[in-house]
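Enquirer: Below is the structure I would like to discuss, written out as structure tokens.
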DNA sequence: CGGGATCCGCTTCGATACTG
DNA sequence: CAGTATCGAAGCGGATCCCG
């Protein structure tokens, strides 16, 4: 393991992993991947399927996923233009891992919500007193 | 689980799950939880263990984890003051799930890195020339 | 030693307008 | 339909000072 502040190769791997984990926490990435889990969708279908996302964010999210090789972007030279997005094999493995985490969240969400309520009522706002 | 885009009361659960997933993607949360995985640590130990984190961010991260019931905060009335942080049972289950995702990231990080390089060299910068 | 309060730059994101 | 370009608002995070 990295012992001192030396930029060892280990350290870089850590940053890479952290960077990939950030994908999961991204507000939209998981929702897009989840929608593409069972079938191919076109841009407008994704846009309608995901409540509250803007075209800008959908574009940026898809671009990043394409860059990472998690989704495939297929442009059909037709009028009007049509672009299909599909999950790659790599993307599917990510979805599997994310689903596991989603199940954890689903299982414990009430517990966590209760903990928050209890904390908020127990601990007075610490600004002065 | 919601299979298709119906705005059901299910929607709130979805937001809760998303909110919890955001914990994972948080820059510091996973690192803190990971450090507390095997043993109890005090504030200064965590601060030294996690490279680059500020006291502010460490405090905020720990506060949130305490609020969610993932870590326990123990204040020892001594001079100088000493505060210990420990993972709760719930926190341990999160760590397990996160580790699985971390292994996914570790396994595929080279693949993803390569995909990015390939994408960056293949796709020219789209800002018109 | 373990934080709280404040200032402040930087990134992120939503809304809007425009293009092929 | 599927984007791109730009602008402005909001939030995150770092640096600093101070207190129990």
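Enquirer: Please work out which residue is modelled with the lowest pLDDT, limiting yourself to segment B:1-18 and to residues that are over 18 Å from residue B:68 (Cβ atoms) and within 9 Å of another protein chain (Cβ to nearest Cβ).
Expert: B:5
Enquirer: Continuing with this model, one more query. Assuming residue B:84 fulfils every condition listed in (1) surrounded by 12 or more Cβ atoms within 10 Å (Cβ to Cβ); (2) part of a helix (DSSP H, G or I) apart from one, which condition is it?
Expert: (2)
Enquirer: So which of A:79, A:71 ends up being within 13 Å of DNA strand D (Cβ to nearest atom), more than 9 Å from chain B (Cβ to nearest Cβ) and touching a strand residue (DSSP E or B) at 6+ places or on another chain (Cβ under 9 Å)?
Expert: That would be A:71, the only listed residue that is within 13 Å of DNA strand D (Cβ to nearest atom), more than 9 Å from chain B (Cβ to nearest Cβ) and touching a strand residue (DSSP E or B) at 6+ places or on another chain (Cβ under 9 Å).
Enquirer: Further, regarding this structure: For segment A:48-98, which residues satisfy the criterion of being touching a residue at least 40 places away in the same chain (Cβ under 8 Å) and out of contact with any helix residue (DSSP H, G or I) (no Cβ under 8 Å at 6 or more places or on another chain)?
Expert: Within segment A:48-98, A:82, A:84, A:86, A:92 qualify.
Enquirer: Sticking with this one: Please specify each residue of segment B:32-47 satisfying the condition of being within 14 Å of another protein chain (Cβ to nearest Cβ), within 13 Å of DNA strand D (Cβ to nearest atom) and surrounded by fewer than 21 Cβ atoms within 10 Å (Cβ to Cβ).
Expert: none
Enquirer: Next question, about the same structure. Does segment A:88-95 contain at least one residue that is modelled with pLDDT of 95 or more and either within 16 Å of DNA strand C (Cβ to nearest atom) or not in a helix (DSSP H, G or I) (or both)?
Expert: yes
Enquirer: Continuing with the same structure: Would you call residue B:24 closer than 24 Å to residue A:108 by Cβ and within 14 Å of DNA strand D (Cβ to nearest atom)?
Expert: Taking the combined requirement at face value, the residue satisfies it.
Enquirer: On to the next question. Among the residues of segment B:49-67, how many are within 11 Å of DNA strand C (Cβ to nearest atom) and touching a strand residue (DSSP E or B) at 6+ places or on another chain (Cβ under 9 Å)?
Expert: 3
The values are calculated or read from the model by the stated rules, or taken from the named source; none is laboratory data. Here the structure is a predicted model, which means the values were calculated and not measured. Cβ atoms come from the backbone with ideal geometry, glycine included; neighbour counts cover every protein chain shown.
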